[in-house]
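Enquirer: One structure, pasted below without further comment.
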């Protein structure tokens, strides 16, 4: 079911001009002199105004003279002062998308400095993977080899681990829902654990009932596909604090009885992107053998409508005993996360959840930035810094007590909607806050950046692998004891 690129990653200390490859990609700074391959060609392009090295600007040279590569691609990097991980990652991704529209063997990238090895390597990995593997005529061809010329060899294990994790996350999001459902998702998780060295425990519906996960089971009861909870455990620092990662895994969201229209339902195979990010992130952490302890919790359901589906006005009881009035069955993600967060808060006091939770967050922040909500500013700032280091984007939203009334119910402890048009993303966060006990907790609403509806310079349409890189950074920076 899982079909990932077989591309190999390597470094080379040769001069870029002498590297044999189908394509040689060269990054050019907009404000720096250039002394790389085909410098005379680049000078003419600049003189004619055909290339200014603006970010993501691409100019191919199909018959380069004086270099071993068959073709050359200049990619703009923008100004050197703006050279953060995100800029180099995106430049590499855009270049890779350009050169892999046809079958190629080796793609080489002249890394502009060894400190950019990680950004370039994972960016290339992003650009070589497309969602069209089920087409009779593929539109994206992952190369046999990606060669980082001048790259830092010490960074390559991380390049490989993050690239494979990114591929896994995107593949899961892109899989058709008839192939990926709670049981098969749990199987993929178990396979990943065996392959890379973390433990996976899967709870079936009878165990979920015994564990008092009534909110999660309420969402699942309309589907013929039974719910699952997958618990991932990686122990890289025995005796030290544990980082808890929780992922929303609605493998298909019809909206339930609050049925989505076709336009709103067509991409709802992506409603498990949070769970995909957690699984892929834990896989990378385990592959890198990072000295950290992690527990990942994947809440896996289908939200379907049938004669057994939960109804508006139903009241569900979550694991912690709190009752929830269901006023919209399409606000289901928070219902499954309620039980998952309850369980995770029993394992650790440091939690981050990832969820394609609300369209309201996209209205507020657009499609490239996640919303971050927290009950602890210090923990929230630490997670926000990790997201930024990874070259991803999030923005902190308020969570003060003035928003508590958004989820007030007349018949239960809370309701599962905000009750109106305003502060919908925050209402989702305030709901989840009821289930983390005394844990320090961050909620990342990734509804916007987790799925690309169309092609862009850096992405093929489909899953993006949002927050996989950030999870690795969270794990690398996690010490726990500093926040106790």
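Enquirer: Gap in Å between the Cα centre of the range 376-405 and the Cα centre of the range 1-72?
Expert: 38 Å
Enquirer: Using only Cα atoms, find the angle between the long axis of helix 85-99 and the longest principal axis of the chain, and express it within 0 to 90 degrees, rounded to the nearest 10.
Expert: Helix 85-99 and the main axis of the chain meet at about 70 degrees.
Enquirer: Okay, next question. Take the alpha carbon gyration tensor of the range 164-483, find the square roots of its eigenvalues, order them as a ≥ b ≥ c, and report rounded if a/c is under 1.5; if not, report prolate when a/b exceeds b/c, else oblate.
Expert: Since a/c stays below 1.5, the shape of the range 164-483 is classed as rounded.
Enquirer: From Cα pairs below 8 angstrom and at least 6 apart in sequence, can you work out the relative contact order of the chain, rounded to a whole percent?
Expert: Answer for the chain is 15 percent.
Enquirer: Mind ordering 142-155, 461-474 by average Cβ neighbours within 10 Å, highest first?
Expert: 461-474, 142-155
Enquirer: Something else: Post the alpha-carbon centroid distance, the range 86-120 to the range 430-446, in whole angstrom.
Expert: Measuring centre to centre over Cα atoms gives 37 Å.
Enquirer: Using 0.36 nm per residue of separation minus the Cα-Cα distance, give me the extension gain between residue 18 and residue 32 in nm, one decimal.
Expert: Contour length minus Cα-Cα distance gives 2.8 nm.
Enquirer: Could you order the peptides 217-228, 164-175 from most to least packed, using the average number of other C-beta atoms within 10 Å per residue?
Expert: Top of the packing list down: 164-175, 217-228.
Enquirer: Nearest 10 degrees, 0 to 90: what angle lies between the long axis of helix 182-196 and the longest principal axis of the chain (Cα atoms)?
Expert: 50 degrees
Enquirer: Place the peptides 393-406, 62-75 in order of packing, highest mean first, counting for every residue the other Cβ atoms within 10 Å and averaging per peptide.
Expert: Ranking the peptides 393-406, 62-75 by packing returns 62-75, 393-406.
Enquirer: So what's the angle, to the nearest 10 degrees on a 0 to 90 scale, between helix 424-433 and the longest Cα principal axis of the chain?
Expert: Taking Cα atoms only, the helix is inclined about 60 degrees.
Enquirer: Something else about it: Starting from 0.36 nm per residue, how many nanometres of slack lie between residue 259 and residue 312 once their C-alpha separation is accounted for?
Expert: Stretched fully, the residue 259-residue 312 segment lengthens by 17.9 nm.
We did not get these values from a lab; they are worked out from the coordinates using the rules stated. Everything numeric here is computed off the predicted structure, so don't read it as measured data. Positions of Cβ are generated from backbone atoms using ideal geometry, with glycine treated the same way; all protein chains shown enter the neighbour counts.
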